[in-house]
Amino acid sequence: MRLHRSLSSLSPRRLPAGWLAIGLLLAFVAVTWADPDDPPINYSKTPGHDQVAQLEEHLEHGQAELKFDADHDGYLPSLLKALKIPQSSQMLVFSKTSFQRNLISPRHPRALYFNDDTYVGYVHNGTVLEIASMDPQQGTMYYTLPQTEMRVPKITRQISDCTQCHQSGSTKGVPGLLMRSIYPEDDGMPAFSAGTYTTTDQSPFSERWGGWYVSGTHGRMRHMGNVTIDDDDHPDKLDTNFGANVTDLSHHFKSAAYLQPTSDIVALMVVTHQVNLHNLLTQASYDVRSALYEQHAINEALKEKPDYESEGTQHRIMSACDPVVEAMLFSGETPIIDPIIGNSTFAKDFAARGPRDSKGRSLRDFDLQHRIFKYPCSYLIYSDQFDALPAEAKKYIYRRLWNVLNGKDKEQDAKFPNLSAEDRQNILQIILATKKDLPDYWKTH
């Protein structure tokens, strides 16, 4: 849940005498906790229009099928193929931080797979596949698919069971995604007394991936992955050297039981960025829609023009969208001090999806020497979720992106020291060549 900002900049001097009480009431409402099930969001009551909802509809009407493999992973391979999720995206988490936690341990990790808008969780011998999919307007939708053979597989949307954990301050107060790093005991239970970390691309490398397996090399940098607590009196003292630069996970668990023998570090780096930005996009959509909804009610009550926006509403739009711009341009990204090399085909598979400009450049091109991407602007600019942002949000985001990339942003030095003049020029050229709905002023650059 989150706290709304000030509803508007209306002052008592502007209000007719009879409206003073209404103004005070609206101001009170503006600082109460927001509920995504209230208008204008109506989260639980709104059908999904995401990739998984579309697949379920196609299954129901016989336009798609999922094949059950009784000997290997049930519906998992077929579901990944239907959703165009590469198997190379596999990441393995062994902490007991899922609702199927009784089946999860360092010897039996949970597998996660993802593409730009959908995530699938698989637990060996689990009863269901867990799915999270980004709805263009409503943000994260949650689904399950039973791991029992059915004539017509049934994907079911889940709400309350999932939002108990997936709607909190860690998800920006909206139904979202969680990527946590914990101190794991030898059975996978988190030692909560030692603390936990919410992981983003700004997180210190030393605080990432506790409770996860990490395969690949990363030189001198150390993370929390691949190890468990070996001193109960000092649970926060992990042997991070033992967990570093691991390329073979087979001595931890039976890797042959999974689609891949890896938990690729490059996939983990990408999802660390992606999860955070998905949540910020959802938060921006919710906050801007709520601000405009409330502004519309005030305009009707005070007989203002329908498109009037108070300074307070404009500030709410700005406050909701600035974090999106900063995350898209990797503001505050933790530098990489040694090369990062994965040990699956994920990096190649991810980069191949483009799009590319006439010089062959893409926002999906990796650096992995000093930072994640060669051209630090998020590929989620092409996502359905970004395209479905309210017009007022996209207007603000596009303007600020343009200002930053042209070196005209007021907070250029403070927020974007990571972007050199060459970086900004390259990103601007790539976006101009590959993004279709840019404002006209971008095209006259």
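Read the figures in this text as sums done on the coordinates, not as results from a lab. As the structure is a prediction and not an experimental result, all values here were calculated from the model. Because the Cβ atoms are built from the backbone with ideal geometry, glycine has one as well, and the counts that use them run over all protein chains shown.
Numbers for the structure displayed
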| read-out | value |
| --- | --- |
| Placed amide H near residue 215: partners under 5 Å, 5+ positions off or other chain | 263, 264, 265 |
| Relative contact order (percent, whole number), the range 354-397, Cα cutoff 8 Å, 6+ residue spacing | 21 |
| Scattering curve values for the range 284-443, log₁₀ I(q)/I(0), Debye with Cα scatterers, q = 0.09, 0.15, 0.16 Å⁻¹ | -0.36, -0.87, -0.96 |
| Whether the range 367-428 is rounded, prolate or oblate, judged on the alpha carbon gyration tensor where a/c under 1.5 counts as rounded | oblate |
| Reachable aspartates and glutamates, given that their alpha-carbon falls under 12 Å from the alpha-carbon of residue 81 and they are not under 8 places away in the same chain | 65 |
| Expected 222 nm ellipticity per residue - DSSP helices of 4 or more, -39500 (n - 2.57), all of the chain, to 500 | -9500 deg cm²/dmol |
| Computed FRET value (nearest 0.05) for residue 418 with residue 84, which takes r as the C-beta separation and R₀ as 45 Å | 0.90 |
| Answer label for mean projected area of the Cα convex hull in nm² (calculated), chosen among (1) 31.4; (2) 23.8; (3) 22.0 | (2) |
| Top of 133, 310, 378 by mean-square fluctuation, Gaussian network on the chain, Cα under 10 Å | 310 |
| GNM result for the chain, Cα springs below 10 Å: residue of 96, 394, 67 fluctuating most strongly | 67 |
| Candidates 267, 388, 421: whichever shows maximal mean-square fluctuation once the chain is modelled as a Gaussian network with Cα springs under 10 Å | 421 |
| Per-residue ³J(HN,Hα) for the range 98-115, Karplus 6.51 cos²θ - 1.76 cosθ + 1.60, θ = phi - 60°, Hz, x for Gly and Pro | 10, 5, 9, 4, 5, 9, 9, 6, x, 7, 9, x, 8, 9, 10, 10, 7, 10 |
| Note, ³J(HN,Hα) from phi for the range 339-348, Karplus 6.51, -1.76, 1.60, rounded to Hz, x at Gly and Pro | x, 9, 10, x, 10, 9, 8, 4, 4, 5 |
| HN-Hα J in Hz across the range 372-377 - Karplus 6.51, -1.76, 1.60, θ = phi - 60°, x for Gly and Pro | 5, 10, 5, 10, x, 9 |
| Under-5 Å amide H pairs with residue 373, H placed in peptide plane, nonlocal only | 367, 368 |
| Under 5 Å, built H, 5+ apart or other chain: amide partners of residue 185 | 191, 229 |
| Dipole magnitude of the range 51-266 about its Cα centre (Cβ charges: Lys, Arg +1; Asp, Glu -1), debye to nearest 20 | 240 |
| In the range 203-247, chymotrypsin sites (Phe, Trp or Tyr not before Pro) in a DSSP loop with at most 15 other beta-carbon atoms within 10 Å | 242 |
| Exceeding the 31 Å Cα-Cα cut-off - candidates 67/359; 408/436; 348/395; 408/435; 237/415 | 67/359; 348/395; 237/415 |
| Selection of GluC sites (Glu not before Pro), the range 53-108, meeting DSSP coil and at most 16 other Cβ within 10 Å | 65 |
| Label-reachable residues, the range 367-395, where backbone N falls under 18 Å from a point 7 Å from residue 435's Cα toward its Cβ | 373-395 |
| Neighbour-limited loop hits for trypsin sites (Lys or Arg not before Pro), the range 399-445 (at most 14 other Cβ within 10 Å; DSSP other than H, G, I, E, B) | 408, 410, 436 |
| Positive dipole terminus of the chain, leading residue within 267, 351, 431 (C-beta point charges) | 431 |
| Cα-centre dipole for the chain with unit charges at Cβ (Lys and Arg positive, Asp and Glu negative), debye to 20 | 1100 |
| Peptides 341-350, 249-258 ordered by average Cβ neighbours within 10 Å, highest first | 341-350, 249-258 |
| Crossing angle, helix 51-60 versus the chain [Cα axis fit, 0-90 degrees, rounded to tens] | 70 |
